[in-house]
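Some notes on the structure that comes next.
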Amino acid sequence: MKSEFEKTHRTLLGMAVEAVTLEAALHGPVADYLTRWLAAQYAVAASEQLAGLEGEPRVKALRAFIHDTALLRRGDQNAERLKIERERLEVASRHADLKWKRKVIIGLETLLTYVEHHPKAKAAFDALRESVRHPFDPREQVPPKD
C-alpha cells in the first residue's frame, strides 16, 4: 500500500507534467489564458447584473466592479513589474559576466607576458601547467622525453 506522501508526490508530478504540456501548447503560462477567460466571463456577468439596476444600487454595483478591476490591474502591474525586474537582472548578470571575463583575460595576458620575460616564472608556470593537465585528453598528452 502506498503512503500518503507517495500518492501526493505522484499527483503533483502528474499536475506538473500537465502544466508544462499546456504551457508548451499555449506558448505561455496557463494562468495568463485563464485570467483572460475569467476577465471576459466577469465582464459578461457584470453587464448582465447592471442591466437590471438603476440609481443607487447601480452605483454600488459599479463601485464593486471598479474595485475588482483595480485589484486585477494591480495584479497585472505586479506581474509586469516582475517581468521587467527579471529582464533587468538578466542584463545585469550578462554585464557582470562580460566585465569579469574581460578582467580575467587581461589578468591572464599580463601573467603570460610576465612569464615570457622571466625564466624562473616560466619554469614555475610550466610545472603548474603540467600538474593540472587533464591526463585523459589525447590532445594534451605530452610525448615521453628521451
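With respect to (1) outside any helix (DSSP H, G or I); (2) within 30 Å of residue 125 (Cβ to Cβ), the lone exception for residue 2 is condition (2).
Any residue at all in the stretch 95-118 that's modelled with pLDDT of 90 or more and surrounded by fewer than 10 Cβ atoms within 10 Å (Cβ to Cβ)? Within the stretch 95-118 (the criterion being modelled with pLDDT of 90 or more and surrounded by fewer than 10 Cβ atoms within 10 Å (Cβ to Cβ)), the answer is yes, since at least one residue qualifies.
Filtering the stretch 6-32 to residues that are among the acidic types (Asp, Glu) and surrounded by fewer than 11 Cβ atoms within 10 Å (Cβ to Cβ) leaves only 6. All conditions but one from (1) within 22 Å of the chain's Cα centre (by Cα); (2) more than 30 Å from residue 37 (Cα to Cα); (3) not hydrophobic (A, V, I, L, M, F, W, C) apply to residue 87; the one that does not is (2).
Would a scan of the stretch 40-61 turn up a residue that is more than 30 Å from residue 129 (Cβ to Cβ), at pLDDT below 90 and not in a helix (DSSP H, G or I)? Yes; the residues of the stretch 40-61 include at least one that is more than 30 Å from residue 129 (Cβ to Cβ), at pLDDT below 90 and not in a helix (DSSP H, G or I). When the residues of the stretch 33-56 are filtered to those that are loosely packed, with under 12 Cβ neighbours inside 10 Å and not hydrophobic (A, V, I, L, M, F, W, C), the one that is nearest to residue 80 (Cα to Cα) is 36. Listed conditions (1) modelled with pLDDT under 90; (2) out of contact with any helix residue (DSSP H, G or I) (no Cβ under 8 Å at 6 or more places or on another chain) are all met by residue 134, apart from (2).
The values are calculated or read from the model by the stated rules, or taken from the named source; none is laboratory data. None of these values were measured; they are calculated from a predicted model. Backbone-built Cβ (ideal geometry, glycine too); neighbour counts: all protein chains shown.
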